[in-house]
Each structure stands twice: as structure tokens, then as C-alpha cells.
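The values are calculated or read from the model by the stated rules, or taken from the named source; none is laboratory data. All figures in this text were calculated on a predicted structure; none of them were measured in a lab. Don't worry about glycine lacking a Cβ; one is built from the backbone with ideal geometry, like all the others, and counts go over all protein chains shown.
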Amino acid sequence: MNCVRSKGLAIPYLSSTSTVSTTMGAHTAIAPVVSKIFCSSSQAVLMVRRRPPTVNGGGLVVTDRNQTAAFRVDGCGTIGASGQLIVRDGDGSAILFIHKKGGVVQALSVNNWWRGYLTDYGEPSKLVFSLQDPKPVLCTNTKGDVRVTVEPSGRTKRHWDYEVTGSFAQRSCAIKNRAGQLVAQIGGKGMMAGRDLYQVVVQPGYDQAFVVGIIAILDNTHGESTSC
């Protein structure tokens, strides 16, 4: 069974093999990116805490509204390699391996590219999403929006499925789908939005592990607790 959320917040443009929305009476089903076990039929409130580098190599700890560990992110200080991230569930099992593309082609590109893979026995297996992080424009230091494509991407003419708007550095940004509908709010008005401890609200039906994966990349690209 796919994740379920209320009608009117469906994700269009995606096929049934990935993050498709199909109407079922008064509700809409959203297929998960990582796993259906990380979806909820109600709004999820998560707290993200940055670990200092001196504590287990840094990274992120994510807890639910009951202060129970839901996810953990290991970065450079734990893995020992830059441009690599591991998202773990509350029990410590690896569920996502994320890495930044390298090489000459990447160096010449106007974007930084990240890839997110499901893990099988701790090793990367199936590619499930790609994230495009625009490099600052020369002389202006300005950047475009971060955009995410759910894989495989060759099903339609679309170029992206989600985007990140606002300022992660100021803990006031949002993840939205292609239709502009809110998926997750990171900090912002009326929410806890400190640099080391901040609140994330994930809308019903969306994959919370996927959201944490995006946050992990944002943390790394901003030179925070998962970076070297």
C-alpha cells in the first residue's frame, strides 16, 4: 500500500513506479521514494540536531515529536570521505547512500550534482533521486533553486520533481513539488529555527527519509556538520 494523504496535495507528473499520485476516492496515494515505512498519514514534526565534530564525527540526529530517534546522518567526519553521506534509520541501519559527483565534467558544469541510492547490506544499490545544486554565479555569488529529480527520470519530458526555496542557512526554507505544493517546511515563522536545532514539518503522505536526505545535502553544501 502506498502512502496516503488528503486530496488536493497530490504530486503530478510522476509515474506509478516512482512518486506517482493516483486518486482513490477522497484521498490521494503518493508512492514513497525510499520506503513506505517512512510515510505517515498525518503531519510529521521532526527535530534536527547538529552534532559537533567532536561527537561521533559530527552529522545530524533527527527525532520525532516523542523525542525518539527517527534518523541519523553520517557525514565526512564519520565516513572519512568528503562528498559522501549516509542516512540511517532510528535503529542505525543505513537506508540511503548519497554522494556528490566528481570528475572533469562535474568541474565544468554550472551545477553540483548529488545522487541518492537505496542501500543493500550497507552498499549502494538502486538510484532513487538526483539533486541539482546550482553553483554561485560568477561575480554575483547568487544561486538558483535546488531541484530534485526522482529516478528513473526518463519517463516524461519533465526535468525535475521537487525544489528547495528560501534560505537553509537562515533555517527558513521549504521543499515543494513541481506544482508548488508544500512537501516539508524547514524552520520559518513560528517554528524552532536555530542553527544547531531546528524543526521540520513534513506534510502527510510524503517520505520522511527522502526529506532527511535532502536536508543532509543542504547541510553539507552549506559547510555545516556533515562536511569536512
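Tabulated results
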item: Those residues of the range 38-62 which are in contact (Cβ under 8 Å) with a residue 40 or more places away in the chain, over 19 Å from VAL202 (Cβ atoms) and part of a loop (DSSP other than H, G, I, E, B), in sequence order; result: PRO52, PRO53, GLY58
item: Test: residue in the range 94-111 that is of a type in the set (Gly, Ala, Ser), within 18 Å of the chain's Cα centre (by Cα) and at pLDDT 90 or above; result: yes
item: Matching residues, the range 172-192, being surrounded by 14 or more Cβ atoms within 10 Å (Cβ to Cβ) and out of contact with any strand residue (DSSP E or B) (no Cβ under 9 Å at 6 or more places or on another chain); result: none
item: Options GLY180, GLY213, GLY205, GLY166; residue that is in contact with a Cys (Cβ under 7 Å, 6 or more places away or on another chain) and either farther than 27 Å from GLN67 by Cα or not in a loop (DSSP other than H, G, I, E, B) (or both); result: GLY166
item: Given (1) surrounded by 19 or more Cβ atoms within 10 Å (Cβ to Cβ); (2) touching a Gly at 6+ places or on another chain (Cβ under 8 Å), index of the condition VAL202 fails; result: (2)
item: Every residue from the range 54-84 that is modelled with pLDDT of 85 or more and either charged (D, E, K, R) or on the phi > 0 side of the Ramachandran plot (or both); result: GLY58, GLY59, ASP64, ARG65, GLN67, ARG72, ASP74, GLY83
item: Some residue of the range 183-191 being among the β-branched types (Val, Ile, Thr), part of a strand (DSSP E or B) and farther than 23 Å from LYS135 by Cβ; result: yes
